[in-house]
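The values are calculated or read from the model by the stated rules, or taken from the named source; none is laboratory data. Computed from a prediction, not measured in an experiment: that's the story for all the values here. Cβ coordinates were reconstructed from backbone atoms using ideal geometry, including for glycine residues, and neighbour counts include every protein chain displayed.
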Amino acid sequence: MSAEIFLVLISSYLLAGFLFALVFVVKGVDKIDDAAIGSSVGFRIIIFPGTMVLWPLLLTKWLKSSKTVHHD
């Protein structure tokens, strides 16, 4: 029973990460990393798995970056 709970938790975490990564690689990565602006589809495919796993950290960075105003 505890193995089933563990698998449900891991599956839920990865599903949330998958959904977050879909949006993040299209819109969010440009907001937190200036070097990613205009990056290729290949780059975005490469970062997709890591985004799925690290989604809580990246979500926090994305939210913080949207609150700060950048002055050039």
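Quick notes on this structure:
- Within region 1-23, tally of residues that are at pLDDT 95 or above and either among the polar types (S, T, N, Q) or in contact with a helix residue (DSSP H, G or I) (Cβ under 8 Å, 6 or more places away or on another chain) (or both): 8
- Matching residues in region 16-59 - criterion: being in a helix (DSSP H, G or I) and either loosely packed, with under 11 Cβ neighbours inside 10 Å or more than 14 Å from the chain's Cα centre (by Cα) (or both): 26, 27, 34, 35, 41, 42, 45, 57
- Close Cβ contacts (under 6 Å, 6 or more residues apart or on different chains) running from residues in region 26-46 that are of a type in the set (Asp, Glu) to residues that are assigned to a helix (DSSP H, G or I) comprise 30/36.
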